[in-house]
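A short reminder: the numbers here are calculations on the coordinates, not readings from a lab. None of the values given here were measured: they were computed from a predicted structure. Here Cβ is always computed from backbone atoms with ideal geometry, including for glycine, and neighbour counts include all displayed protein chains.
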């Protein structure tokens, strides 16, 4: 070959694959951890906050496809982790990016995002058409799959196809035990302040017991920022244990998996907690299991809601807010019994996003008002819960929308 002759065209061997249960094989470049795992593939439309997304315990058993193409440019840091146990590997099984992971370029970065993925055992797939994969999920629904990464490029595709087809999926799966706290603990860390980080709360005017089905740290921070002492208890805590802690209010956290499966042991306890008369607030999985305890039903969604740009209407105020969402199951709004009011609804598809019990200090929402990542339009819901506690104590109320 002469000096001026162009080099022959070559194609790199794929080092990672996504094999869907329908037989579709998507090849790309691997990043993060190596190995192979079965999971459900969803897509997330947020353009920021990839670290918070991948450490949200609600993503256990899933692979997240990011519709935003450039991931990794702000690196990774210690502050943006949402799992309660900072050393716990993320529940998420994998991540999919359009472009290769970029080098960090942010003053808050503690390291390269690829190294962070490896440390948290998250398999990643890059250099694929994420728009096409997103369209496939929109048309065909959330996909059962196997994601695999091997730097050698050696993949037994027939075996991976069989493995993906055989995986039963998230319906009927209780994933809370994998992400819940192992024992009770106290929380007093306040919300993050720009260029100052986190500080501990030194006031404990109100006591909230949080049932941890996979709680996010920012939920607990927002409670602490409202002068609340928070006691976090495992998902399996019973009504007697919770009431023995003498709480002013009870919180039912977010979490992964099928609410009907987790509800086998949690719903009977939630029914007893409702009967106690204490204020109760639920988010996401907590919302779904509260609905089950009240006699409603939950369903598996076609494509789920995952992102930080979802419009939701609050019927109690008439306002529309943009919210952060992450769920593949939903409460059937038509199944809400008499005495239970639908308070929030998705303006994308009309699905239920909130409820409250008439005559009782009990309410919940499907979306994530703590954001992280996402807009802060719904932070008022924490003050709404605080007002229920204040009302029970005969204290002056605070402005919901501070």
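Side notes on the structure shown:
- Between helix 130-140 and the chain: long-axis angle, C-alpha atoms, 0 to 90°, nearest 10: 60
- Orientation-averaged projection of the chain equals 21.8 nm² [convex hull of Cα atoms, one quarter of hull surface area].
- Fluctuation leader among 385, 113, 155 - the chain, Gaussian network, Cα springs under 10 angstrom: 155
- Relative contact order computed over the chain (Cα-Cα under 8 Å; 6+ residues apart), in percent: 15
- With Cα atoms, 0 to 90° folded angle of helix 285-294 axis to the chain main axis: 50
- FRET efficiency for residue 73 and residue 236, using Cβ-Cβ distance with R0 set to 41 Å, rounded to 0.05: 0.50
- The chain - share of DSSP beta bridges that are antiparallel (%, nearest 5): 65
- Under the shape rule built on the C-alpha gyration tensor, where the axes satisfy a ≥ b ≥ c, segment 176-393 is rounded, since a/c falls short of 1.5.
- Contact order, relative form, for segment 16-166: 38 percent (alpha carbon pairs under 8 Å, 6 or more residues apart, mean separation divided by residue count).
- Folded to 0 to 90 degrees: helix 380-393 orientation relative to the chain principal axis, Cα: 20
- A straight line joining the Cα centroids of segment 42-74 and segment 251-298 runs 26 Å.
- In terms of overall dimensions, segment 16-166 has a Cα radius of gyration and Dmax of 14.4, 45 angstrom.
- Euclidean distance between Cα centres, segment 188-249 to segment 161-179, Å: 30
- GNM remark for the chain: springs join alpha carbons under 10 Å apart, and the peak mean-square fluctuation among 349, 56, 150 falls on 349.
- Among 247, 158, 375: highest mean-square fluctuation, GNM of the chain, C-alpha pairs under 10 Å: 158
- Relative contact order computed over segment 289-331 (Cα-Cα under 8 Å; 6+ residues apart), in percent: 45
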